[in-house]
Amino acid sequence: MTPTTFHDLELISAYLDGQLSKVESARLEERLKTDEGYRQLLDELSGSRRVLRSLPARRAPRNFTLTPKMAGLKPPVPRAFPVFRLASVFATVLFFLVFAANISGPAMAAIRASAPPIAFGMGGGGGGDGSEPPAANLAPMAAAPAPEATSAASENQAATPEAAPLLQAAPTPTDGIPFAEAGLPTEMPAAPGATAKIAPGAQPAQDQYTPTERIPLQLPVPAWLQFGLLGLAVISAATAYVLRSRSETNWFKTRALQPAGPDRRQLLVIVLIALAALALAVSVWWVSTTTFYAAAQQVPVFADKSMRMTEQAAQPDVSGPVVTGADKGAPPYSGPQSMTMQPGMGYVMNWLDPSGFMTTFEFPANAFPLETTFTVTPGLDVESPSTGMVFTARAFKLSAEPAGGDPQVPFTISMDYGDQLLVNVEGDASRLVLVWWSGSEWVDAGSTCSPASETIRTSEPKRLQFTACKLGNFVLYAP
Amino acid sequence: MDEPALILDAQRGDLDAFNTLVLAYQDALYNTALRILGDDSHAADATQDAFISAFRSLNSFRGGSFKAWLMRTVTNACYDELRRQKRRPTVPLEPTNDDDEEIDSPRWLADSSMSPEQKFEADELEHAIQHCLDALPVDFRTVVVLADIQGLDYSEVASSTRIPLGTIKSRLARARLRLRECLQGFGELLPAAFRLERESLP
């Protein structure tokens, strides 16, 4: 018996597995016959192998099949997806840039504009107010109560035109600051129905009147572009999302796989798109119902030349014409009043006529093709009607510079009146007409339009609303 | 089961085709991992990892024995698992020699280093075999598991382990001898045929 070596061991092991060539096998078999040690080794190795093969095969404790997630499989991204995603991102970025530009521009304008009124004492609050835009607009009119904010208060206090309590309805200057900074200065809807008018039931201004001129807001970038960008962002994001989720659904369906539930990122995308869509809807609604005005600039214009203040003079250093509450009880100042109109915007001008009641002129957009300064002057250039009842305190002359022509569309003249006037016509408001001097005779103001317009008479508040198409001499008249 | 067609489909990304293959081979892979790692849960983890990496690298399969190819992924997964265990060592099951070197003398296994308690636990043949497998260096264990338990031929073992054929031969021979030495300590548990054979020897 020769000692076995590792070479022998390998040979025997390979022989066991049938891995030897025929020659090698024959040689090994020869040796096995003679060599006891070889035989023993072969027995041991085959026994070892047999034991291992006797090991029971265990069943897998579970199925090791792969889910798409484990396999790292992802549904293919639709080819158009990146395009829409990129479009959405670009539109969003542009939207915020435009938004920032629009905010900062008007905000600065509002701050500039809000500075001068401070010189006017009580009128200082006109700079801007967010919570009650119409009230803010009327705030400088001191004793003229804000109709919406204090309608209840007006009823109670109509008989006692105390300035102070009514003023409480007007916002304090500090109220207006946040809104002005937000770039949304005093606003007032331009639609006739939404226009804030002076409540005639309340006492007209007894102590101070500061006419208001509203400057239409000039946005650096038009609002439609701004919201168009937001719309583009929303639509492209939604399109990208729909494209992708549809392709994912198809992908899972063709593979008969269970789609993974919406993960957190997907939910976030849905929520963001929904929020942006909501913001868009609100913005579009807001823009479509609102006309933006810059902060109201208070420009009192008085008949008395010494008290007159032009628009250019309406700077902080002008403090002369300030009429304070101390003048309560003095007759109202009334004099010519002007406003400059730009094409494309609607304008409203409140004018306190010599009777102490408010007359409001309302021009729709594009009343004049060019920039026009519209002026109302109390009194008439011509003889008043010779018959009937002529309310000379309610007479005025309308003119326009430089065009001088008549407005291209009908404009509205609203005249508030009081009980006294009603007594004069024995309570019959239908007798009240506004007449216009045609150059040869007095005719109904409504007849200046074609077709002739009707006069709208409301008793609460006591108001006459006429529609006219000509400038010139007007007077309230009861035949 | 049309294995080549399933493999082709799976290579094109058909997960269902691949999962059919998974069901066909999961027992083999699990058993391999179990014998190499000696632990149920680690074996399950390694099997799952093996199938995942198999799916991802399926395009590297260029024909031949798919089982051998899968065995490579599972042995790799087992080596990864063992490396992880080495980084976070648990209580070692077996004392190893200081150098962790291959010792040529079969006698190093004479001391099976089993405490009486361990012997009690290993009172079943399977436990005994697993104990002896665990006592082998991992490279030897892998070869003997693939060849003798999974029944792969030498060339398949070589392609599964990427070890040259000659080394396979030598390692298999030594591993068998060492297992034999180890299993002698569990004489009572060995199958009657095995014992008889032993006893028949002079």
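The values are calculated or read from the model by the stated rules, or taken from the named source; none is laboratory data. All of these numbers come straight from a predicted model, not from anything done at the bench. Virtual Cβ from ideal backbone geometry, glycine too; neighbours counted across all protein chains shown.
Cβ separations smaller than 7 Å between residues 6+ apart or across chains give the following pairs from segment B:19-36 residues that are at the interface with chain A (Cβ under 7 Å from one of its Cβ atoms) to residues that are of a type in the set (F, W, Y): B:V22/A:F64; B:V22/B:F51; B:Q26/A:F64. Selection within segment B:151-185: residues that are surrounded by fewer than 22 Cβ atoms within 10 Å (Cβ to Cβ) and not in a helix (DSSP H, G or I). The member of this set that is modelled with the highest pLDDT is B:P164. Every listed requirement among (1) charged (D, E, K, R); (2) within 13 Å of another protein chain (Cβ to nearest Cβ); (3) more than 58 Å from the chain's Cα centre (by Cα) is met by A:E30 save one, (2). Considered as a group, the residues in segment A:81-106 that are within 22 Å of A:D263 (Cβ to Cβ) and not polar (S, T, N, Q) include one that is farthest from the other protein chains (Cβ to nearest Cβ), and that residue is A:V89. Taken together, the residues in segment A:37-78 that are modelled with pLDDT of 85 or more, loosely packed, with under 13 Cβ neighbours inside 10 Å and either under 60 Å from the mean Cα position of the chain (by Cα) or more than 7 Å from every other protein chain (Cβ to nearest Cβ) (or both) amount to 2. I need the full set of residues from segment B:155-184 which are more than 20 Å from A:E44 (Cβ to Cβ) and hydroxyl-bearing (S, T, Y), in order please. Across segment B:155-184, the qualifying residues are B:S155, B:S159, B:S160, B:T161, B:T167. The residues listed here are A:V77, A:V93; of these, the one that is at negative phi, in contact (Cβ under 8 Å) with a residue 40 or more places away in the chain and among the aliphatic types (A, V, I, L, M) is A:V77. Checking the structure you have, find out if any residue of segment B:7-28 is surrounded by 17 or more Cβ atoms within 10 Å (Cβ to Cβ) and within 14 Å of the chain's Cα centre (by Cα). Yes, the conditions are met somewhere in segment B:7-28. In segment A:397-437, of all residues being surrounded by fewer than 18 Cβ atoms within 10 Å (Cβ to Cβ) and among the hydroxyl-bearing types (S, T, Y), the one that is nearest to A:N366 (Cα to Cα) corresponds to A:S399.
Exactly one condition in (1) charged (D, E, K, R); (2) farther than 21 Å from A:E10 by Cβ; (3) at pLDDT below 55; (4) loosely packed, with under 15 Cβ neighbours inside 10 Å is not met by B:E188; state its number. Of everything listed in (1) charged (D, E, K, R); (2) farther than 21 Å from A:E10 by Cβ; (3) at pLDDT below 55; (4) loosely packed, with under 15 Cβ neighbours inside 10 Å, B:E188 misses just condition (3).
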